[in-house]
Amino acid sequence: MTIVESLPHLAEPWATAYDNSKLLMNGVMFGHVAGFLIAGGLAVAADRAVIRATAAGPNSRRVHLSEFHTVHAPVLIGLAVTFATGLLLFLADVETFATAPVFWIKMGFLALLLANGSGLRRAAHRLDTGEASDRDWQALRRSAAASTLLWLVAVLTGVMLVNL
């Protein structure tokens, strides 16, 4: 028996509790949406600021970089809440999600989002050295634009999952 075949059986107690409790359903879904809203909202706002900062002068860019670094922790906290509640949602209906192509597409886009976020953070740290060129800022701008697009795709695929 593979893990995909045994996982529904192992998750059955949670799935039953989830299916029989509106409080659990609403609480888990609220945590999932709220975590995503906080993480995505802060990230998209930071992405917008990056895009605006590329047209600003050096002083504005330095201020932006210090603000950019403060956003990282709350975005990660929101993503952690989203991941934990997403796992609970997955375990509530393993058979549906494990075989749904849109679920795996969403997971792929989330992996791209995380990789891009890591790249954004590394690029921002490189810019902290003070020897950043316009080329470095343009690379950060491209990553910020990609981030915004990936957050929107994650929302789209999440909506698609709700309607399975």
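Numbers below:
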{"quantity": "Residue among GLY57, ALA11, THR85 farthest towards the positive dipole end of the chain, charges placed on Cβ", "calculated": "GLY57"}
{"quantity": "Acute angle (nearest 10 degrees) that the helix 3-19 long axis makes with the longest principal axis of the chain, alpha-carbon atoms", "calculated": "80"}
{"quantity": "Modelled FRET efficiency - R0 41 Å, ILE105 with ARG52, Cβ distances, 0.05 increments", "calculated": "0.85"}
{"quantity": "Ratio of the Cα radius of gyration of segment 1-128 to 2.2 N^0.38 Å, where N counts its residues", "calculated": "1.35"}
{"quantity": "Residue-averaged 222 nm ellipticity for the chain, from DSSP H runs of 4+ at -39500 (n - 2.57), nearest 500", "calculated": "-31000 deg cm²/dmol"}
{"quantity": "Residue among ALA46, ALA154, ALA139 with the largest mean-square fluctuation in a Gaussian network model of the chain, springs linking Cα atoms under 10 Å", "calculated": "ALA139"}
{"quantity": "Simple label model, 7 Å out from Cα along Cβ direction - ALA73 to THR96, nm", "calculated": "3.8"}
{"quantity": "Accessible area (Å², per residue) of segment 15-95, counting only protein heavy atoms and a probe of 1.4 Å", "calculated": "56"}
{"quantity": "Charged-residue dipole, Cβ positions (Lys, Arg, Asp, Glu), segment 65-164 about Cα centre, Debye nearest 20", "calculated": "180"}
{"quantity": "Nearest-ten-degree value, helix 58-92 long axis tilted from longest Cα axis of the chain", "calculated": "10"}
{"quantity": "Cut-off 16 Å, label 7 Å out along Cα→Cβ of HIS125, residues of segment 88-116 by amide N", "calculated": "115-116"}
{"quantity": "Cβ-based charge dipole, the chain, positive-most Cα from LEU42, VAL159, PRO101", "calculated": "LEU42"}
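The values are calculated or read from the model by the stated rules, or taken from the named source; none is laboratory data. None of the values given here were measured: they were computed from a predicted structure. We place every Cβ from the backbone using ideal geometry, glycine too, and count neighbours over all the protein chains shown. Only protein heavy atoms, including side chains, enter the accessible area calculation; ligands, DNA and RNA are left aside. Shrake-Rupley method; radii C 1.70, N 1.55, O 1.52, S 1.80 Å.
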